[in-house]
1. Count, please, the residues in region 282-322 that happen to be modelled with pLDDT under 95 and either touching a helix residue (DSSP H, G or I) at 6+ places or on another chain (Cβ under 8 Å) or open to solvent by less than 10 Å² (accessible area, probe 1.4 Å) (or both).
2. Contact list please: Cβ distance under 8 Å, first residue in region 408-433 and without any contact (Cβ under 8 Å) to a residue 40 or more places away in the chain, second residue in a helix (DSSP H, G or I) and loosely packed, with under 13 Cβ neighbours inside 10 Å, pairs at least six apart or on different chains.
3. Mind counting the residues in region 1-27 that are in contact with a helix residue (DSSP H, G or I) (Cβ under 8 Å, 6 or more places away or on another chain), aliphatic (A, V, I, L, M) and outside any loop (DSSP other than H, G, I, E, B)?
4. Across region 19-36, what is the total count of residues that are in contact (Cβ under 8 Å) with a residue 24 or more places away in the chain and under 25 Å from R480 (Cβ atoms)?
5. Which one of these does R550 not meet: (1) crowded, with 21+ Cβ neighbours inside 10 Å; (2) part of a strand (DSSP E or B)?
6. Pull up region 523-547, narrow it to residues that are farther than 21 Å from D600 by Cβ and assigned to a helix (DSSP H, G or I), then point me to the one that is most open to solvent (accessible area, probe 1.4 Å).
7. Only one of A565, A577 is more than 21 Å from Y175 (Cβ to Cβ), assigned to a loop (DSSP other than H, G, I, E, B) and open to solvent by 70 Å² or more (accessible area, probe 1.4 Å); which?
8. Can you find a residue that is surrounded by 17 or more Cβ atoms within 10 Å (Cβ to Cβ), free of Cβ contacts under 8 Å to residues at least 60 places away in the same chain, under 28 Å from the mean Cα position of the chain (by Cα) and closer than 25 Å to S55 by Cα anywhere in region 483-500?
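The values are calculated or read from the model by the stated rules, or taken from the named source; none is laboratory data. None of these values were measured; they are calculated from a predicted model. We place every Cβ from the backbone using ideal geometry, glycine too, and count neighbours over all the protein chains shown. The area values use the complete protein model at the heavy-atom level, side chains included, leaving out ligands, DNA and RNA. Shrake-Rupley method; radii C 1.70, N 1.55, O 1.52, S 1.80 Å.
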Amino acid sequence: MGDPGLPFEDRQDFADAERGLIAALDPGVVEDDHGAVVWDNDSYASFLRGDGADSVHRSLWRQSSLVTRQGLFEVVPGIYQVRGLDLSNVTFVEGDTGVVVIDPLLSVETARAAMKLYRSQRGDRAVTGVIYTHSHADHFGGVKGVVDEADVDAGRVPVIAPQGFLEHAIAENVYAGTAMARRAGYMYGAALPRGPRGGVGAGLGQTTSTGTVSLIPPTVDITRTGQELTVDGVRMVFQLAPNSEAPAEMHFLLPARRALCIAENATHTLHNVLTLRGALVRDPRSWARYLTEAIEMFTAGADSAGGASGVDVVFASHHWPTWGADNVVEFLRLQRDLYAYQHDQTVRLINKGWTGAEIAEMVELPPALRRAWHAHGYYGSVSHNVKAVYQRYMGWYDGNPARLWQHPPAEAARRYVEFMGGADAVVDKARRCGDEGDLRWAAQVLDHVVFAEPDHKEGRALLADVLEQLGFGCENGTWRNCYLSGAQELRDGNFGTPTVTSAPDLLAQLPPEMFLDALSVQVNGPEAWHLDLAIRWVFPDDGPDGSSFRTTLTNGVLTAVRGGAGDVSLTITLPRAAMAAVAAGRLDAARGAGLSLDGDERTLRQLLGVLDPGDPGFNIVEP
């Protein structure tokens, strides 16, 4: 499968993906301390070296075969990357006495393996600094695999991040983290068998590792564009890029190496404006402007024809670098145009009265972007990015009052199926649609069958077959994974959430306001209508003098006021080490970590009794 018009004769990406290879991990498998496999790159490499398969879009096969290349690579002398040991890359910049680590992967175990591979080839260099380029977990979760938190606490190793990093890193994985993690299982194909009829990759990387997610809070904030730091002799010039691919993100130049780290704002794929797992809608207009600013700021005015570049290589938190001054500028220009075009054309058509679903069928990228492999939608897609831009400006309602108050899916499904003559008749018609190649419509009507009659075996089986065929035809890795994961659950049952990023390390770093916010979004409102509670919370680790909050629970709403006055029935002193245990309702464990209660302890038990944690196994392809 695939577009025969694509430039498959262009092999530059293959040369770049192999360039600088020093050593690979053999076998390409990472285990945790108990022997459980948390990463297995070989399960992809074993088949992706072949020529392709009818069950995989030819372009996606090409991308996955590139992304599965694994090992330690030299970017330029003094800068090294380990690629293919997680969804993301980790980069090592050698300094005067040690090494600065950039984006230490998602899991402690994979980061530790990458560090060991680097040291096996470059010597046992101490880590002298850590940089988080942005606030997504695959760029900080493995930090405790490369550095000891005691060295950070003692001031020996700075941890550098963009302003706002901690708040956004925690919020994304805590507030709606349960739902995001469940949906991420679909998006990354975490439960799919590896092979031509299953998981072949997610475009940005193969999948997510399943090890231990950790977090060490930043000790140095980058607060302005143009800010400079020198760590272990490594000089860095920073550019803030908030509200681009992540709410807190930054780029930086390494002038001595003429190398630009572009974080995740320019990779070898069209990225997401709104990721399928769920997140805040990103701002492609700002995203494009930051790339323009990077060109102007770091490449010596090279945005005009024939300009000389101050950068010889650009590298990112995913995929392989781009070398050569002219190539760097061309790459950044095209990536800039990619996000600007989707934004501008969507807004233009919004103002013509078209809806998001309609615009998604209308926007086509210009020829220069279609010819560029790195602009193809392996991870994001024009279709769902356009809908995200529409959502950013217009929200969920498309303006048609007939769609203002529609029935929810299960209720609508029962009515649709009845109108269409019953489930058996719908399945028969859908089978004909599938045979005629109209798989999109077959999936849409069979979805109604499953939501109207979840136990209709023929409907479930046919929908699974249709979703599988849709997946086999996808150039986009995340779309393929979603389709095939849905088919798998229809056939084999709910696989839950394979990868969870709301880890104890993240909960332990919640600022008091966010900790109390995380409790408030778990309150079961109707169960709490009758309660009228007042609690004072003392957080001794919040700043040099600690902090206190007065919370009230009335009308099913938990409200927190910093330093609030008024009577309370209970005062809770909650050190940071006990936060995760309290959030999980494990009071004995929390006491062991320093929790103390002064007053009527029943008040806390009443509050905990109305908390309704998320369900990591909620249904997706059935009601």
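1. 7
2. none
3. Residues flagged as in contact with a helix residue (DSSP H, G or I) (Cβ under 8 Å, 6 or more places away or on another chain), aliphatic (A, V, I, L, M) and outside any loop (DSSP other than H, G, I, E, B) within region 1-27 amount to 3.
4. 2
5. (1)
6. Per the stated criteria, the residue is P526.
7. Working: A577 fails: assigned to a loop (DSSP other than H, G, I, E, B).
Exactly one of A565, A577 is more than 21 Å from Y175 (Cβ to Cβ), assigned to a loop (DSSP other than H, G, I, E, B) and open to solvent by 70 Å² or more (accessible area, probe 1.4 Å), namely A565.
8. The answer is yes, given that some residue of region 483-500 is surrounded by 17 or more Cβ atoms within 10 Å (Cβ to Cβ), free of Cβ contacts under 8 Å to residues at least 60 places away in the same chain, under 28 Å from the mean Cα position of the chain (by Cα) and closer than 25 Å to S55 by Cα.
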